[in-house]
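Reading through the structure tokens given below for one structure.
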Amino acid sequence: MSASPNVTVPELTLNNGVSIPQLGFGVFQVPPGETQKVVEDALEAGYRHIDTAAAYRNEAGVGAAIAASGIPREDLFITTKLRNGEQATAAEAFENSRKALRLDVVDLYLIHWPVPSAGLYVDAWKAMEKLQAEGAVRAIGVSNFLEDHLETLLADASVVPAVNQIELHPTLQQEAVAAKSRTHGIAVEAYSPLGQGADLSADAVTELAAKYDATPAQIVLAWHLGTGNIVIPKSADSGRMRQNLAAAALTLTSDELASITALESGNRIGADPATAAFTQM
Ligand code: A2P
């Protein structure tokens, strides 16, 4: 399966009516000094949905790439996230992100981690509801929220989160959190969708790659799209960026989807949201 710059990425409609490209480009771990070039390459490859965060320290590179691209603003979907250490000052934190991104309006703003030990995520949510009411953000959501964090938030929220962005790949599907999110109309967005490369060598994946003349990454991304996840793979390599985007053209059967779903093994790669409290994020 070759990469195609003309691939059509499906759009999903979030619970407030805002449309989001189901396949986006993530810039976690892209060094700040390389981000403008990497995002320019991603936009050139055809990505129109970019996912960054204040904690990645590369929002300015994303903003520079958007400005340089000349792509009409309404054709882009830009997500950023509230840093853990700024949950008490979300409005100011947002203003800094907005300036770094050189945007008037951010499409999706997420609480990056719940940090339950700080007890601030409901306060942060109230500030984000205000940002949405003011029109500064088109949608608000959460990231790394487990079931109890969602319950606590929903008990006090006026706005139901549009998205819960969680670590999700074939060997860690977080099915209970994903199901609870969907039950409340919260779209599930998968980060580390390739298991940071670790899930690409599973037999179920490589067998389907051979069958479809596709790469293992394309099979895993097609699985995400087929199961309804929003997905944000990253790659520093423009060839792999194009390859990943081209996965939008691949449809797996329900049996094939199930063969990948069977790879669940509780293989968490990132931090556990129940305890994660790093302030640099
Ligand atoms: P690279 O930037 O060199 O392409 P995840 O999205 O799960 O966090 O995984 C990202 C990792 O997977 C990165 O190390 C990236 O490396 C690698 N990667 C991204 N796309 C592909 C691909 N199509 N095939 C193999 N590895 C990939």
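The values are calculated or read from the model by the stated rules, or taken from the named source; none is laboratory data. It should be emphasised that the depicted structure is a prediction, and the values quoted were computed from it without experimental measurement. Glycine also receives a Cβ, built like all others from the backbone with ideal geometry; neighbour counts cover every protein chain displayed.
Return the total of residues in the range 143-153 being within 23 Å of residue 19 (Cα to Cα) and free of Cβ contacts under 8 Å to residues at least 40 places away in the same chain.
The total comes to 1.
Within the range 45-61, identify whether any single residue is of a type in the set (Ser, Thr, Tyr) and in contact with a Lys or Arg (Cβ under 9 Å, 6 or more places away or on another chain), and answer yes or no.
yes
With the requirement that a residue be more than 18 Å from residue 26 (Cβ to Cβ) and acidic (Asp, Glu), what does the range 59-93 give you?
The answer is 74, 75, 86, 92.
From (1) crowded, with 23+ Cβ neighbours inside 10 Å; (2) under 27 Å from residue 243 (Cβ atoms); (3) among the aliphatic types (A, V, I, L, M), pick out the condition that doesn't hold for residue 71.
All conditions pass for residue 71, except number (1).
Restricting the search to the range 19-48, which residues are under 16 Å from residue 103 (Cα atoms) and within 14 Å of the ligand (Cβ to nearest atom)?
39
Which condition breaks for residue 117 when tested against (1) touching a residue at least 60 places away in the same chain (Cβ under 8 Å); (2) more than 16 Å from the ligand (Cβ to nearest atom); (3) surrounded by 17 or more Cβ atoms within 10 Å (Cβ to Cβ)?
(3) is the only condition that residue 117 fails.
How about the range 186-230: which of its residues are aliphatic (A, V, I, L, M), in contact with a strand residue (DSSP E or B) (Cβ under 9 Å, 6 or more places away or on another chain) and under 17 Å from residue 172 (Cβ atoms)? So that I can check it myself, show each step before the final result.
Narrowing the range 186-230 to residues aliphatic (A, V, I, L, M): 186-188, 190, 194, 198, 200, 202, 204-205, 208-210, 214, 217, 219-222, 225, 230.
From what is left, the residues that are in contact with a strand residue (DSSP E or B) (Cβ under 9 Å, 6 or more places away or on another chain) are 186-188, 190, 194, 198, 220-221, 225, 230.
Passing the criteria: 188, 190, 194, 198, 220, 221, 230.
Collect the residues in the range 157-183 that are in contact with a helix residue (DSSP H, G or I) (Cβ under 8 Å, 6 or more places away or on another chain), farther than 23 Å from residue 80 by Cβ and without any contact (Cβ under 8 Å) to a residue 60 or more places away in the chain, keeping them in residue-number order. Steps first, answer last, please.
Step one: of the range 157-183, the residues in contact with a helix residue (DSSP H, G or I) (Cβ under 8 Å, 6 or more places away or on another chain) are 157-161, 164, 166, 168-173, 176-177, 180-181.
Still in the running and farther than 23 Å from residue 80 by Cβ: 170-173, 176, 180.
Those that are in contact with a helix residue (DSSP H, G or I) (Cβ under 8 Å, 6 or more places away or on another chain), farther than 23 Å from residue 80 by Cβ and without any contact (Cβ under 8 Å) to a residue 60 or more places away in the chain: 176, 180.
Among the residues of the range 243-252 satisfying the criterion of being over 27 Å from residue 179 (Cβ atoms) and more than 9 Å from the ligand (Cβ to nearest atom), which is surrounded by the fewest Cβ atoms within 10 Å (Cβ to Cβ)?
249
Being at pLDDT below 90 and of a type outside the set (Phe, Trp, Tyr) is the filter; apply it to the range 258-281 and report the residue that is nearest to residue 117 (Cα to Cα).
Taking the candidates together, the pick is 277.
So which residues in the range 235-248 are outside any helix (DSSP H, G or I) and among the hydroxyl-bearing types (Ser, Thr, Tyr), if there are any at all?
Hit for the range 235-248 is 235, nothing else.
Output the residues belonging to the range 109-124 that are out of contact with any Gly (no Cβ under 6 Å at 6 or more places or on another chain), in a strand (DSSP E or B) and not aromatic (Phe, Trp, Tyr).
111
Restricting the first residue to the range 78-105 and requiring it to be surrounded by fewer than 23 Cβ atoms within 10 Å (Cβ to Cβ), which pairs with a second residue that is basic (Lys, Arg) meet a Cβ separation below 8 Å and a spacing of at least six or different chains?
If the second residue must be basic (Lys, Arg), the pairs left are 91/130; 93/83; 103/73; 104/98; 105/138.
Sort out for me the strands (runs of 3 or more DSSP E) sitting completely within the range 125-234 that have 2 or more residues that are within 11 Å of the ligand (Cβ to nearest atom) and crowded, with 16+ Cβ neighbours inside 10 Å.
On the way: elements: 137-143, 163-167, 187-191.
Per the criteria, 187-191.
Could you go through the range 54-62 and let me know if any residue there is buried (at least 21 other Cβ atoms within 10 Å of the Cβ) and either within 18 Å of residue 166 (Cβ to Cβ) or in contact with a Phe, Trp or Tyr (Cβ under 8 Å, 6 or more places away or on another chain) (or both).
Yes, the conditions are met somewhere in the range 54-62.
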